[in-house]
């Protein structure tokens, strides 16, 4: 490459001699950057979601390619965040795709002294079995005066502040349908 080609390929020279005087377009692009493509261009689908980190509920667009998350960006259609994400929300792709992501549950049996690793499906089945058993054992049809109760005091819920309104609404519906009466949310306390 001669000196003339090198100078003409230099971004400052292109900016000063070309139509892009502010250096916002072609003058700022190198040959390599011209070949780069956004990860969002190759996505098979885009799913709207909500950032999981805090109770603000910023909107996200999750880009999926070949069944895997390829990019997560702010959703400009979200009335809450209008396309913006904080540093944690911007890094939420790592939460989903990290090779260090925990996909097993640590469980210590009653009176046990050691933790054991269980697959998530096994742990979910254990929880479902215990909810069903507790509901059966603590169900109250009526009180001592015959007043209909249809409830259980053996199940309660305390939601966290990282849940958004929709998640809290669904939790309230779930626990009410189970007959629970002690349903609270940390964000309200």
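Before moving on, here are some points about what is shown:
- Label-to-label distance, nm, for residues given as residue 3 and residue 156 (7 Å Cα→Cβ offset): 8.3
- Summarising the overall dimensions of the chain from its C-alpha atoms, the Rg and Dmax are 27.1, 99 angstrom.
- Inter-label distance, nm, simple model (7 Å from Cα along the C-beta direction), residue 169/residue 32: 4.9
- Cβ-Cβ distance of residue 141 and residue 177, R₀ of 25 Å, FRET efficiency by 1/(1 + (r/R0)^6): the value works out to about 0.95.
- Report note on the peptides 13-24, 55-66: ranked by the mean count of other C-beta atoms within 10 Å, highest first, their order is 55-66, 13-24.
- Note on residue 48/residue 101: beta-carbon distance plugged into 1/(1 + (r/R0)^6) with R0 of 30 Å gives a FRET efficiency of 0.85.
- Length released on extending from residue 17 to residue 65, taking residue separation times 0.36 nm less the Cα-Cα span: 13.2 nm
- The shape of segment 46-123 can be summarised by an equivalent ellipsoid whose semi-axes, obtained from the alpha carbon gyration tensor, come to 32, 15, 10 Å from longest to shortest.
- Here the average projected area of the convex hull drawn through the C-alpha atoms of segment 125-188 stands at 5.1 nm².
Quick note: the coordinates plus some simple rules give every number you see, no bench work behind them. Bear in mind the structure is a predicted one, so any value in this text is a computation, not a measurement. Ideal geometry is used to build each Cβ from the backbone, glycine not excepted, and the neighbour counts take in all protein chains shown.
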